Every structure is written in C-alpha cells, then in structure tokens.
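Read the figures in this text as sums done on the coordinates, not as results from a lab. Computed from a predicted structure; not experimentally measured. Quick reminder, even Gly has a Cβ in these numbers, built from the backbone with ideal geometry, and neighbours come from all protein chains shown.
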Amino acid sequence: MTPYVLTVDAGTQDLRAADHLLLTLAAELALPEGTFGCTHLVRGDRPRVALSFAVESQEVLDAAREWLTAKGYEVTDGAPDEAGRAVLYPGSEALTGTLTIAELLSGSAIDRVTVLGAGSETAAETSVVTRDHIRPQWQNGELVLAVMPAAGGTLVPFEVPAPTPCCADH
C-alpha cells in the first residue's frame, strides 16, 4: 500500500475524546477497509491531539479532505509525525477478548508485540487479555503493541482503556 495521508486538527486535548472523534469521523466518511487512523500528541504552545488518516487512494483522500474541510476541520497533508498511536487499522475490530500473540499478529496489521521488561521473545501461544482496547504505535515503520505481564501468565496491553486521571484522588 502506498498510503495517502492527511491530518485533522480539531483542537482536541483529551486522548479518549480524540479516539472517539477519530472513530466517528471514519464512520461518517465511510472510509474503506485498509484505512489507518492514528492519534498524535502535538506539543508546543498549543498542546493537543491531532488525528491522521492513511488511505490507499488519492481519490479517497481528496473526498475525505473535501468533506472534513466543509465540516470546519483544519486539514493538512501528511502526518504530524511517524510515531502515531493507531486506533483504526486492519483487523482492529476483531481484537477483543483473549487472544494469543500469534492470533493477534495474524489477524491484524500489528507487526510485533513487545513485552515491557522482558529480555527475550515471548512465546506466540502466550495469551493477551485485550480489554477490548488495543492501541499499537508506529515505531520505525512497524506497528508495535506494547504489553505487560498480568495475572496467570497472561499479558495485557500497556495502555489501559480508562486511565485514572492524574491527581484524581485530590
């Protein structure tokens, strides 16, 4: 696939809200299978979360750009960076429940699973409890899912579905 990429800056500051907006826009645009949708943390004088969509054709990209611009979104060509956090990608909808690493890799666009703190490869039959929230990140051109050890010899994604905000108990 030669991706055609655009960035949408909706001024969103919350990662969960950005995930929701990305999935909503993708559905409203009726983007084809094979589309990648990522979030990107934008730092600087106006910190925010930008969205990017990578599609397989210029025609789809042009139609998306036109629709998004008409809706009032700030749209630019390309991605804000090469380290996007994938929310929408081939196979993402099927990554629910408990899957083995082999199933996760064969059933999605994820290229590699890395276990935080592990010094060696983890067996392909090791179970990953997805918590129905799999957000791999682009690293050196590969889509990589970071996981961590959990109870019973299983693994869980490093990113939790509903994180506790900093200082929530104050």
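Using r as the Cβ-Cβ distance of His133 and Asp111, and R0 as 22 Å, what FRET efficiency do you calculate, to the nearest 0.05?
Values: r = 19 Å, r/R0 = 0.86.
Given R0 = 22 Å and the Cβ-Cβ separation, E is 0.70.
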**Item:** Cα-only Debye scattering, the chain: base-10 log of I(q)/I(0) at q = 0.08, 0.11, 0.15, 0.16 Å⁻¹
**Value:** -0.26, -0.49, -0.87, -0.97
**Request:** State the answer as a single residue: which of Ala79, Ala30, Pro47 lies farthest towards the positive end of the charge dipole of the stretch 4-88, with beta carbon charges of +1 for Lys and Arg and -1 for Asp and Glu, about the Cα centre.
**Result:** Pro47
**Asked** Taking the Cα centre of the chain as the origin and placing charges on Cβ (Lys, Arg +1; Asp, Glu -1), which of Thr130, Leu61, Ala94 is farthest toward the positive end of the dipole?
**Response** Thr130
**Request:** For Thr100, enumerate residues with amide H under 5 Å from its amide H, sequence gap 5+ or separate chain, H modeled in the peptide plane.
**Result:** Val128
**Request:** Between the alpha-carbon centers of the stretch 95-151 and the stretch 45-85, tell me the distance in whole angstrom.
**Result:** 27
